[in-house]
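The values are calculated or read from the model by the stated rules, or taken from the named source; none is laboratory data. Owing to the predicted nature of the structure, the values given are computational and were not obtained by experimental measurement. Every residue, glycine as well, gets a Cβ built from its backbone with ideal geometry; the counts of neighbours run over all protein chains shown.
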């Protein structure tokens, strides 16, 4: 399977040309990206490449780096690196952009080329469409012998860790004094390198490591959602750790586990970090339409304004810039803190959460109870070729026309006591149906109501 979108090229490894992420397609889309960057930044000859620890990563890395060199670029290859590390490397090297080789939370047979601009952020809609058009036409020219580029290898993790430590609201001294025991599950990807390095720099002496060997053999489904986190949940109860952290393979999402083994809730990663940031720097916040109302409630508590964007990191960061948000992100555990950079960053999330925890003097489960209580139900409908998604969404929109409707990304229906958001996924052939209410039963009932209306 091959999924082409403005945010990058994602697919299962192998298969026929045009049907999977194979060497021919990897070279084609890499060359198209290099061409687009040349058009956008004609005087900048540097691009960054970083990758997660997927089994296919080395193969994809060699193809991408060689292709960029063949297009005449100087490649700074930062090897095994998180997505936010790669983003920071783009600005650190003053590069024209970068490619992150990761399929994020997808299973290990997947990989992807995530494409960055010169700010270390995902390409805009226009830029992404430009890459796809260039790839379709194969409108690129490779360098001749005197114009071939070079490949340089660097480790950017220390730079990233120092970036986090330098944030004004990261209180290293308070974290050190709290003498916390922290358990981590890094799903055998690059988090196994990055998260321990960060924790040690923050003064955490007691680290319990789970699945920290970056060999790409994911110990469980890599998406950090409750049904995949039973191993660390059991560990928390047995080890008496103070807090547990789980990241996805490219370390831009952060899930938190309470000291009693219960889930903090991926929606509440951003809520808790935002609460801490807003205490010290009141201002506006942004998350996407599929994220919890709890962020809006917390923002209003500190006198700020909350706004919701379309789903997708580039949409969140665009709106954050527009309204001057001091914190934002996505309800899947993605924290975006502009004081560091405009990208989801689990390292920033860990450092800010630990600072909040240390200052609060509470247990993690106690801290969780200080936030508004909502439950989100996340459902999906698999698409079949005969399904007309646009017509389906229009039908739902008309049925609930008396409620507050938002259509900037699929259809979101806001009821007085909950909401439902339907949208076609950018990365999988499915319709996502997210719903939120005061209880799990009510959220599930809302989702079922919409499913029944569709089917």
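One residue is enough: does the stretch 320-330 have a residue meeting the conditions without any contact (Cβ under 8 Å) to a residue 12 or more places away in the chain and either assigned to a helix (DSSP H, G or I) or buried (at least 24 other Cβ atoms within 10 Å of the Cβ) (or both)?
yes
Scan the stretch 397-419 for residues that are closer than 16 Å to residue 372 by Cβ and part of a loop (DSSP other than H, G, I, E, B) and jot them down.
416, 417
Being in a strand (DSSP E or B) and either modelled with pLDDT under 95 or surrounded by fewer than 24 Cβ atoms within 10 Å (Cβ to Cβ) (or both) narrows it down to one residue among 98, 79; which is it?
The unique qualifying residue is 79.
Please state which one of 183, 219 is part of a loop (DSSP other than H, G, I, E, B), in the same structural domain as residue 313 (by TED's automatic domain parsing), more than 19 Å from the chain's Cα centre (by Cα) and closer than 30 Å to residue 375 by Cα.
219
Go through (1) in a helix (DSSP H, G or I); (2) within 18 Å of residue 100 (Cβ to Cβ); (3) in contact with a helix residue (DSSP H, G or I) (Cβ under 7 Å, 6 or more places away or on another chain) for residue 62 and report which single condition fails.
Here residue 62 clears every test but (3).
Quick check: anything in the stretch 3-20 closer than 23 Å to residue 147 by Cβ, touching a residue at least 60 places away in the same chain (Cβ under 8 Å) and not assigned by TED's automatic domain parsing to the domain that holds residue 254?
No: zero hits.
Based on what the data block shows, is residue 193 under 20 Å from residue 88 (Cβ atoms), surrounded by 18 or more Cβ atoms within 10 Å (Cβ to Cβ), in contact (Cβ under 8 Å) with a residue 60 or more places away in the chain and not assigned by TED's automatic domain parsing to the domain that holds residue 336?
Answer is no for this residue.
Would you say residue 310 is touching a residue at least 60 places away in the same chain (Cβ under 8 Å), closer than 22 Å to residue 443 by Cβ, in contact with a strand residue (DSSP E or B) (Cβ under 8 Å, 6 or more places away or on another chain) and surrounded by 21 or more Cβ atoms within 10 Å (Cβ to Cβ)?
When the stated conditions are applied, residue 310 does not pass them.
Do we find that residue 303 is in the same structural domain as residue 248 (by TED's automatic domain parsing), modelled with pLDDT of 95 or more and over 25 Å from residue 263 (Cα atoms) in this structure?
Here the answer is yes, as residue 303 does meet what is asked.
Looking at (1) assigned to a loop (DSSP other than H, G, I, E, B); (2) in contact with a helix residue (DSSP H, G or I) (Cβ under 9 Å, 6 or more places away or on another chain), can you tell me which one residue 290 breaks?
All conditions are met except number (2).
With in the same structural domain as residue 186 (by TED's automatic domain parsing), surrounded by fewer than 24 Cβ atoms within 10 Å (Cβ to Cβ) and over 21 Å from the mean Cα position of the chain (by Cα) as the only criterion, which of 72, 166 stands out?
It is 166.
Within the stretch 374-396, restricting attention to residues that are in contact with a helix residue (DSSP H, G or I) (Cβ under 8 Å, 6 or more places away or on another chain) and in a loop (DSSP other than H, G, I, E, B), which residue is surrounded by the most Cβ atoms within 10 Å (Cβ to Cβ)?
It comes out as 374.
Within the stretch 106-127, is there a residue that is crowded, with 18+ Cβ neighbours inside 10 Å and either in a helix (DSSP H, G or I) or in the same structural domain as residue 195 (by TED's automatic domain parsing) (or both)?
Yes; the residues of the stretch 106-127 include at least one that is crowded, with 18+ Cβ neighbours inside 10 Å and either in a helix (DSSP H, G or I) or in the same structural domain as residue 195 (by TED's automatic domain parsing) (or both).
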